[in-house]
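For reference, the structure is listed below as structure tokens.
The values are calculated or read from the model by the stated rules, or taken from the named source; none is laboratory data. All of these numbers come straight from a predicted model, not from anything done at the bench. Note that each Cβ is placed from the backbone with ideal geometry, even for glycine, and that neighbours are counted across all protein chains shown.
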Amino acid sequence: DAFSDIEQDIGSHHIYGSLEEVSDKYKYSHRDFNFYRRLLDLFAKGQDLSLLADTKQATGNGWDLDKWKFVPIAHRVYVEQPDIKWYIFKKQMQHRSVERRTAAGCCGDVELAAVLQEAGVNITGIPGLYGESLSWFEWGESKWCEPALSWHHVKAHDMESLWQFETQRLADNETHYVYCALFHKLVKSHLASTRSDWDNVSRDRVYTGPSGLHGEEDRRYPLRSKWGKLSDEEKEEQRVELNDEQKKDIESYGTYTKETRWDELSDEEKETS
């Protein structure tokens, strides 16, 4: 099965909507779905959805939306085909507590891992199942004989190189491949003993706030909030994630501390974080 943000047909293939199981409460009001609502609007008007790829027409972006897809896709596939021994997801039961946790969390794969752990499913696939691109992989002889099963954040030129590599192996009646074969075919020829003006991806400058913390979107910052200022609905959502220490703070001081993304803080809150 193939999933995407919007259910549609492409040629003879039916593409399922990956967000169908998410409740309307989140899809039509939560900030993470700003990008999704913009997609729906463009789709309804018959416009080119790829126009959003290089713009910021929606307040939220694809990364905010991405984290909501993992658990719904896994659940839908399992419900439709529960007897399959292994499920292979390329990229990528929605209980309401999962939605609340996803809304406060950073990443869909983290939420899926938490659900699997709660269900008693303990598996690991490193280094075969790798979560980054070829350029980020730490090549070394300790991984030479491990099968290379997946990549993430793959650019178009890398995807084409992988496709040509795999197509040739199939033509030679080869099956899976290991990191050693991939290194010698796609990486080794690009290495040089010296290289001028190369970029090691480090940042030349890093700006920090008074606390010394980096102002990055994905970092989490402790924010102390007054419990009484929350609406009943917000309190209900927060109670699911409260630990014992937070509950004691609410009882004693009427406040609690939560982890918040930098871009979710107000200017005043950033000054004190």
Would you mind stating whether ARG38 is at pLDDT 75 or above, touching a helix residue (DSSP H, G or I) at 6+ places or on another chain (Cβ under 7 Å) and basic (Lys, Arg)?
yes
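Results for (1) under 28 Å from GLU233 (Cα atoms); (2) assigned to a loop (DSSP other than H, G, I, E, B); (3) modelled with pLDDT of 85 or more, shown as yes or no for each residue.
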| residue | (1), (2), (3) |
| --- | --- |
| TYR16 | no, no, yes |
| ASN34 | yes, no, no |
| LEU42 | no, no, no |
| GLN47 | no, yes, no |
| LYS56 | no, yes, no |
Selection count where residues are under 12 Å from PRO147 (Cβ atoms) and surrounded by 15 or more Cβ atoms within 10 Å (Cβ to Cβ), scope region 167-184
5
Would you check if VAL187 is surrounded by 12 or more Cβ atoms within 10 Å (Cβ to Cβ) and farther than 21 Å from GLY125 by Cβ?
yes
Does VAL77 qualify as being modelled with pLDDT of 80 or more, surrounded by 15 or more Cβ atoms within 10 Å (Cβ to Cβ), assigned to a helix (DSSP H, G or I) and in contact with a Gly (Cβ under 8 Å, 6 or more places away or on another chain)?
no
Among (1) at pLDDT below 80; (2) surrounded by 12 or more Cβ atoms within 10 Å (Cβ to Cβ) - the single one ILE123 does not satisfy
(2)
Looking only at region 139-153, count how many residues are out of contact with any strand residue (DSSP E or B) (no Cβ under 8 Å at 6 or more places or on another chain) and either within 16 Å of LYS185 (Cα to Cα) or of a type outside the set (Gly, Ala, Ser) (or both).
7
